[in-house]
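The values are calculated or read from the model by the stated rules, or taken from the named source; none is laboratory data. The structure displayed is predicted, hence computed values, not measured ones. Glycine gets a Cβ as well: all are built from the backbone with ideal geometry, and neighbour counts include every protein chain shown. Ligands, DNA and RNA are stripped out before the accessible areas are found, and what is left, the full protein with its side chains, is counted by its heavy atoms. Shrake-Rupley method; radii C 1.70, N 1.55, O 1.52, S 1.80 Å.
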Amino acid sequence: MSALAGTRTLAGLALRRERAVAPWWIALNMSMALLLIGYIQRVMPTDAVKAAYTAVISRNTFFQALGGGFVEPRLDVLATWRSGGFLYVASAFAAVMCVVRHTRAEEDAGRAELLRAAGTGRRAPLTAALLVAAGTSLLGGLLTALALVAAGLEPVGSAAYGAAITAVGWVFAGVAAVAVQLSRTARTATTIGLSTLGVAYVMRYIGDATRQYWLKALSPIGWGHLVRPYQDERWWLLGLSAGVAAALCALAYALLDRRDLGAGMVPERLGPASAPGPRGPVGTAWRLHRGLLARWAAGVAVLAVATAGAGTLAGQLAAMPGIAQGLLRNMGGPTGGALDVYQRYMTLIFAHVIALYPVLMVRRLRSEETSGRAVTLLATPLTRLRWAGGHLALAGLGSAALLAVAGVVHGALYGLLVGDLAADPPRVLAGTLSHVPAVWSVGAAGVLAYGLLPRASVAVSWAVWILTAVLGQLAGPLYGMWAGTPLEPFHYVPDVFGDGSFDAGPYLLLFALTAALVGGGLLALRRRDLG
C-alpha cells in the first residue's frame, strides 16, 4: 500500500472541517489590509501629514519596530507597514493551528488509528493537512493582493505583499509539521509551534528596534517584512521561505517514518509518583490552567513593555506643534491631551487582546467534556455547576489579573520613559482594570454558547472575540471612533483618562449582561446531556 493512499479523501475531509474556520482568517487578512488603506486616507489625507507622521516614526525605534522596517510617506507603503506586522503573524498562526488540528489532534482523539485501519497510508494525514494549510495561506495571500489592486494600489507591490503573506504561512506550516512529530499531544505541538512563532516575532522586533538587522534576517517573520512590497520587491526572499518550508516538511516526513502512531520523538517527562487529589472545583481548575495563565502573563508583560516603548512616539508628537500634534489629537477625539489619548488607546488594545483569555477557558471546558475527564469528575459528589463554576471563576480572576499585569508594567515603564513615575502607574492601572466588565462579557457570550450549542461553542466564542476586535480596533478607528463602535462592549467603558468623572451606570449594565449570559449558559448546561 502506498504511504500516500487516501490523501485526497483526507484532504477533502479537512476542507469540509476548515470551511468553518479558514474563511474567517482569509476575511480577517483582507479586511485588515483594506481598512488600513481607508484609515491612512482618512487620518493622513495630505502629503504633508504623511511626511510629518513618517518623520516622527523614523526617529522612534520602538514604534518603527512595531511596523517592521523603514516607512515612506506614501499610501501603499504606510498601509502595508501598519498591517504587515499583523498579517504575517495571523497567516503563521492559522497555518500552525490547521496542521496540528488535522494531524496530532486526530491521533489524540483516536480517529487517526481508525483511518489507518481502513487502508489510509502512513503519510496521508500529514500530507492532507499540509496541502490544506498551504492552500489556505495561498488563498489568503492571493485574495488580499487582489483586494489591494481593486483598491487602487500598484499590482506588482500588491502581488509581492500577498506572496509574502503566503510564504510566511508556508514556513510555519512546516514548523507545525515538525512539532507534531516531536510531541505526543496536540497541546504540546501547539505550544512548540506558537512558541517558535513568538520567538520569530521577538527576534524581528528586536532587530528593527536595535537596528541589528541580522536578527531580523534570521526570523521567518522578518523575511516577510524584508520582501519590502511597494518599495524594491525582493522576490528572492520568497524563494528562501519556500525552500525552508520544503526542508521542514522533508524533516517532518523523515521523523514521521521513525515514530509510532500516537507517540512522539521526544519522550514525555514522567510526572511525580503521587499527587494530591482534587481540592474543590477552583483548585482543580487552577491545576489545569496555571501554566496557561503564567504564559499569558509573560506575553502580556512583553506587550506592555513594547507599548510603553512606543509611547515615546506619543511624547514626541505631544511636544511638536502643527500637523503632527493635531494628528494624534484628532485620532483620540475631543477630550484629553495627546498623552491621555495614547494611554486610552493602549488600554483598549490590552483589553481586546486579554478578552481572548476567557474564550480559551471556555474552549478548555469543552475539551474537558469531550475527552471524558469531566464525566469522571462528575461521578464524584462534584456537580456540573460547581465544576463549570470553578473554571469560570478562574477565567474571571485570571482576566482581571492579566489586565493588572498590563497596567502595572506599562504604567511603570511609561512613567519612567515619558511621563511621571508617581502619577502614571496608578492611572494606567485604573484604566486597564476599568475594562474588566467588558472582557468578562466577551467570555460570557462563549459560556452561553457552550451551554446551548456545545458543538459550535468554540467557533461561536472565537467569532464573538474576532468580531469584537474587528469592530473595536479596525472599523471603529477607521470612522473616527477610537473607543470602538456601539456594537461591541468596550465602547461603553468610560474613559478614565478624560475629564475624570465617574459613571457607574455602564459598569452595572455590563456586569448585568455578563451575569445574564453566564446564568443562561449554566442553566442550559444543567439541563443538557454531556458529550
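Whole-percent P(r), segment 70-192, all Cα pairs, 10 Å bins from 0: 14, 37, 25, 16, 8, 1. Quote the FRET efficiency, to the nearest 0.05, computed for ALA246 versus LEU139 with a Förster distance R0 of 22 Å and r equal to the Cβ-Cβ distance. Efficiency at R0 = 22 Å is approximately 0.65. What Kirkwood hydrodynamic radius, in Å, does segment 346-418 give when the mean of 1/r is taken over all pairs of distinct Cα atoms and then inverted? Answer for segment 346-418: a Kirkwood hydrodynamic radius of 14.2 Å. Of the residues LEU28, LEU525, ranked by 1.4 Å probe accessible area with the largest first, the sequence reads LEU28, LEU525.
Phi-derived couplings, Karplus 6.51 cos²θ - 1.76 cosθ + 1.60 at θ = phi - 60°, listed residue by residue for segment 34-49: 6, 5, 5, 5, x, 5, 4, 5, 7, 7, 10, x, 10, 5, 5, 5 Hz, with x used for Gly and Pro. Phi-derived couplings, Karplus 6.51 cos²θ - 1.76 cosθ + 1.60 at θ = phi - 60°, listed residue by residue for segment 450-462: 5, x, 8, 10, x, 5, 9, 5, 5, 5, 5, 4, 4 Hz, with x used for Gly and Pro. Tell me, which longest segment in the chain has none of the chymotrypsin sites (Phe, Trp or Tyr not before Pro) that fall in DSSP loops with at most 16 further Cβ atoms within 10 Å? After excluding every exposed loop site, the longest remaining stretch is 236-478.
At a probe radius of 1.4 angstrom, the accessible area of segment 1-67 per residue rounds to 50 square angstrom. Counting only protein heavy atoms and a 1.4 Å probe, segment 212-272 has 56 square angstrom of accessible area per residue. For segment 512-524, backbone phi angles converted through the Karplus equation (6.51, -1.76, 1.60; θ = phi - 60°) give residue-by-residue couplings of 5, 4, 4, 4, 5, 5, 5, x, x, x, 5, 5, 5 Hz, Gly and Pro being listed as x. Full extension of the chain segment joining ASP420 with THR210 gains 73.1 nm, where the gain is 0.36 nm per residue of separation less the Cα-Cα distance.
Heavy atoms of the protein chains alone define the surface here; on that basis segment 141-201 has 32 Å² accessible area per residue at 1.4 Å probe size. Each part reduced to its alpha carbon centroid, segment 68-88 and segment 419-439 end up 30 Å apart. Residues whose amide H falls under 5 Å from that of LEU153, counting only those 5 or more places apart or on a different chain, are absent, with hydrogens built in the peptide plane.
Segment 151-243 gives an Rg/Rh value of 1.05, both radii derived from C-alpha positions and Rh following Kirkwood. Annotation note: trypsin sites (Lys or Arg not before Pro) in segment 1-104 located in DSSP loop regions with a Cβ neighbour count of at most 10 within 10 Å are ARG19.
Tally Lys and Arg at +1 and Asp and Glu at -1 over the other residues with C-beta under 14 Å from the C-beta of LEU251: what net charge comes out?
After counting each charged neighbour, the total is +2.
First compute the accessible area of segment 1-41 with a 1.4 Å probe, then give the percent of it belonging to carbon and sulfur atoms. Exposed carbon and sulfur together represent 67 percent of the surface. Over segment 87-169, what percent of the accessible surface lies on carbon and sulfur atoms, probe 1.4 Å? Accessible surface attributable to carbon and sulfur in segment 87-169 totals 69 percent.
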